[in-house]
Amino acid sequence: MPAADPLRGRVLVVEDEADLCGVMVGALGADGHHVAAVREGHAALDALAQSTFDLVLLDIGLGAGPDGVEVCRRLRAVGDTAHVIALTARDGEADIVLALEAGADDYVTKPVGLAELRSRVRAVLRRLHRDGASRAVLQRGDLRLDADARSVHVGATTVHLTYSEYEVLHALLRADGRLLSRQRLLDAVFGDHAFRDPRAIDVHVHHLREKLAAAGFPATAILTVRGAGYRMAE
């Protein structure tokens, strides 16, 4: 599924409501994206195993087979780093956090506004296809981030990060110890912070610390400045 334009991506829509699925596929297809769609969890896992996608729009409340949370968990368990936007009709904080904890990068609550959804998709693809001027190797102790390859290593160990975890780490390393607010980090990850819950950053930082610590880089290297944001330790 090659994309001819770097801002035209490969998108998988996983949505069990037929009408909504059709509307999203039509809107994203009209924007020039290469769109595939499935309507239940097992089919989503099969599609993800067989093809590579830049972005997955994943309904959390799938009615058949594994739900969206489980699909996301399995996706991350095999190291797939596709950007995942969770779609949920449940606007309760616990359900949103559950999706983020499973490895989703972002979320949109139903009813889905197509203008917002299309804007989010464009922002994700812009971030994924940044021009070469922003590429660099950033290092802090044993931690090495190669922006050209979008890879992270601690010593000889590869650290597999989601899209959002990688972008948070990239922003913190580029800040070189300066404080970044949650809004600034949302801007760094998504290109804006409109319609987004700053607490999502807390979940991504939590996962990032866990993964770096498992590879041997101290979790305390990412400092929380209470009520203000995050920065790298000196």
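Results, tabulated for the structure shown:
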| read-out | value |
| --- | --- |
| Qualifying positions in the stretch 72-102 - within 18 Å of H42 (Cα to Cα), assigned to a helix (DSSP H, G or I) and of a type in the set (D, E, K, R) | R73, R74, R76 |
| Pair list, Cβ < 7 Å and 6+ apart or interchain, from the stretch 44-60 residues that are closer than 21 Å to A18 by Cβ and assigned to a strand (DSSP E or B) to residues that are open to solvent by 20 Å² or more (accessible area, probe 1.4 Å) and at pLDDT below 90 | none |
| Residue list for the stretch 62-86, restricted to those being in contact (Cβ under 8 Å) with a residue 40 or more places away in the chain and farther than 17 Å from L128 by Cα | L62, G63, A64, G68, V71, R76, G79 |
| Residue satisfying all of: in the stretch 195-206; touching a helix residue (DSSP H, G or I) at 6+ places or on another chain (Cβ under 7 Å) and free of Cβ contacts under 8 Å to residues at least 60 places away in the same chain; farthest from E116 (Cα to Cα) among these | V205 |
| Residue within the stretch 162-183 that is surrounded by fewer than 16 Cβ atoms within 10 Å (Cβ to Cβ), closer than 21 Å to S119 by Cα, at pLDDT below 95 and not aromatic (F, W, Y) present | yes |
| Residue, surrounded by the most Cβ atoms within 10 Å (Cβ to Cβ), within the stretch 185-194, restricted to residues that are assigned to a helix (DSSP H, G or I) and free of Cβ contacts under 8 Å to residues at least 24 places away in the same chain | L186 |
| Candidate set: the stretch 207-224, residues that are under 20 Å from the mean Cα position of the chain (by Cα) and touching a residue at least 24 places away in the same chain (Cβ under 8 Å); chosen: the one nearest to L143 (Cα to Cα) | L212 |
| Given (1) part of a loop (DSSP other than H, G, I, E, B); (2) of a type outside the set (A, V, I, L, M); (3) within 17 Å of the chain's Cα centre (by Cα), index of the condition G227 fails | (3) |
| Residue check, R76 over 20 Å from V168 (Cβ atoms), open to solvent by 10 Å² or more (accessible area, probe 1.4 Å) and within 16 Å of the chain's Cα centre (by Cα) | no |
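Table: residues versus (1) among the acidic types (D, E); (2) surrounded by fewer than 21 Cβ atoms within 10 Å (Cβ to Cβ).
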| site | (1), (2) |
| --- | --- |
| A44 | no, no |
| A49 | no, yes |
| L62 | no, no |
| D67 | yes, yes |
| V97 | no, yes |
| E101 | yes, yes |
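Table: residues versus (1) touching a Lys or Arg at 6+ places or on another chain (Cβ under 8 Å); (2) modelled with pLDDT under 90; (3) of a type in the set (S, T, Y); (4) under 24 Å from A77 (Cβ atoms).
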{"residue": "R122", "(1), (2), (3), (4)": "no, yes, no, no"}
{"residue": "R130", "(1), (2), (3), (4)": "no, yes, no, no"}
{"residue": "R144", "(1), (2), (3), (4)": "no, no, no, no"}
{"residue": "G155", "(1), (2), (3), (4)": "no, no, no, yes"}
{"residue": "A188", "(1), (2), (3), (4)": "no, yes, no, no"}
{"residue": "H206", "(1), (2), (3), (4)": "no, no, no, yes"}
{"residue": "A213", "(1), (2), (3), (4)": "no, no, no, yes"}
{"residue": "A221", "(1), (2), (3), (4)": "yes, no, no, no"}
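Here is a yes/no grid of residues against (1) closer than 18 Å to P198 by Cα; (2) in a strand (DSSP E or B); (3) open to solvent by less than 40 Å² (accessible area, probe 1.4 Å); (4) of a type in the set (V, I, T):
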| position | (1), (2), (3), (4) |
| --- | --- |
| C21 | no, no, yes, no |
| L28 | no, no, yes, no |
| A104 | yes, no, yes, no |
| Y107 | yes, yes, yes, no |
| V112 | no, no, yes, yes |
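The values are calculated or read from the model by the stated rules, or taken from the named source; none is laboratory data. Since the structure is predicted, the reported quantities are computational estimates derived from the model, not experimental observations. Neighbour counts are summed over all protein chains in view; Cβ atoms, including those assigned to glycine, are modelled from backbone coordinates with ideal geometry. With ligands, DNA and RNA removed, areas are computed over all heavy atoms of the protein, side chains included. Shrake-Rupley method; radii C 1.70, N 1.55, O 1.52, S 1.80 Å.
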